[in-house]
Amino acid sequence: MARVAFVTGGTRGIGHAIVARLQSDGIKVAAGYSANDAAARACAEELGCMVVKGNVGNFEDCRRAVEEVEKELGPVDILVNNAGITRDGVFHKMTPEQWSEVIRVNMDSVFNMTRQVIEGMRDRGWGRIINISSINGQKGQIGQTNYSAAKAGVIGFTKALALENARKGVTVNCIAPGYIDTEMVQAVPENVLQQIVGQIPVGRLGRGEEIADMVAFLAGEHAGFVTGATLSLNGGQYMVG
């Protein structure tokens, strides 16, 4: 029987690449999204996947979304917590709204979504939870105290949850991408983008497919001995010992 995966933020960018890769591996995939109906329709038409609208920062929305997926596809075996936003600004000028919105969507969402599926995974004795953090959750970034705090929190969440569920056949891992060639990064002014690329030892931006390849491994049957890990995919820009 095919595994079932739910990828939050799955209709665009890195999430879209993850959905496409998991589907190519024979997994039944649902892609979550929050606002862009046009992108969701395009994703569903291109990939033939289920799309589910909801706010990952809202616990009840997440409960409803998982119920919809499980009703149509079956119990969720693989959860990829990918959804995220930025609301950049230097801290001494940051508003409470900029702070709380990023924490809610990037950090609270990981609780909101994982809480819906963890008991079922434990009961079935198999599960894969893959959290998408960021290079800036590892090293910090000017203008992103909110984003860096949330993404660092995701790493701590991953380690603790991995310990709690290791004996239940449920692995919990984290991927920390560097700068990936997505719409969000391409929107950066050209001179700034060139500066960013100049700091990456391999000399280019990453590709969404490269993140998706790592997700596919962690989601697979052969990754049962990998848990609590944070894998840095950043072209050598930040090396963690």
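Before moving on, here are some points about what is shown:
- Restricting attention to the range 113-148, the residues that are closer than 20 Å to Leu73 by Cα and of a type outside the set (Ser, Thr, Tyr) total 17.
- Some residue of the range 50-61 being closer than 17 Å to Ser109 by Cα, assigned to a loop (DSSP other than H, G, I, E, B), at pLDDT 95 or above and more than 16 Å from the chain's Cα centre (by Cα): yes
- Helices (runs of 4 or more DSSP H) contained entirely in the range 129-194, each with at least 2 residues that are surrounded by fewer than 15 Cβ atoms within 10 Å (Cβ to Cβ), hydrophobic (A, V, I, L, M, F, W, C) and modelled with pLDDT of 95 or more: 145-165
- Residue that is modelled with the lowest pLDDT, among those in the range 195-226 that are more than 16 Å from the chain's Cα centre (by Cα) and among the β-branched types (Val, Ile, Thr): Ile196
- Among the conditions (1) assigned to a helix (DSSP H, G or I); (2) farther than 25 Å from Trp99 by Cα; (3) not aliphatic (A, V, I, L, M), Gln237 misses just one, which is (1).
Condition check ((1) under 20 Å from Val80 (Cα atoms); (2) small (Gly, Ala, Ser)) across all residues:
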site	(1), (2)
Gly156	yes, yes
Ala187	no, yes
Leu193	no, no
Val197	no, no
Gly206	yes, yes
Val226	yes, no
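- If the condition is being exposed (fewer than 13 other Cβ atoms within 10 Å of the Cβ) and either among the aromatic types (Phe, Trp, Tyr) or in contact with a strand residue (DSSP E or B) (Cβ under 9 Å, 6 or more places away or on another chain) (or both), then the range 225-241 contributes Phe225, Met239, Val240.
- With respect to the conditions (1) assigned to a helix (DSSP H, G or I); (2) in contact with a strand residue (DSSP E or B) (Cβ under 7 Å, 6 or more places away or on another chain); (3) among the hydrophobic types (A, V, I, L, M, F, W, C); (4) without any contact (Cβ under 8 Å) to a residue 60 or more places away in the chain, Phe111 lacks only one, and its number is (2).
- Residue count for the range 20-30, restricted to those that are crowded, with 19+ Cβ neighbours inside 10 Å and either of a type outside the set (A, V, I, L, M, F, W, C) or touching a Lys or Arg at 6+ places or on another chain (Cβ under 9 Å) (or both): 4
- Taking the criterion of being touching a residue at least 60 places away in the same chain (Cβ under 8 Å) and more than 22 Å from His16 (Cα to Cα), the only residue of the range 166-194 that qualifies is Ala166.
- The range 135-150 residues that are within 15 Å of Tyr179 (Cβ to Cβ), paired with ones that are among the charged types (D, E, K, R) and buried (at least 20 other Cβ atoms within 10 Å of the Cβ) (beta carbon under 6 Å, 6 or more apart): Gly137/Lys151
- So Ala212, is it touching a residue at least 60 places away in the same chain (Cβ under 8 Å) and assigned to a helix (DSSP H, G or I): yes
- Of the candidates Ala2, Ala17, Ala38, the single residue that is out of contact with any Ser or Thr (no Cβ under 8 Å at 6 or more places or on another chain), surrounded by fewer than 17 Cβ atoms within 10 Å (Cβ to Cβ), of a type outside the set (Asp, Glu) and assigned to a helix (DSSP H, G or I) is Ala38.
- Considered as a group, the residues in the range 63-119 that are under 16 Å from the mean Cα position of the chain (by Cα) and charged (D, E, K, R) include one that is surrounded by the fewest Cβ atoms within 10 Å (Cβ to Cβ), and that residue is Arg115.
The values are calculated or read from the model by the stated rules, or taken from the named source; none is laboratory data. If you're wondering where the values come from, they're calculated on a predicted model, not measured in any experiment. Don't worry about glycine lacking a Cβ; one is built from the backbone with ideal geometry, like all the others, and counts go over all protein chains shown.
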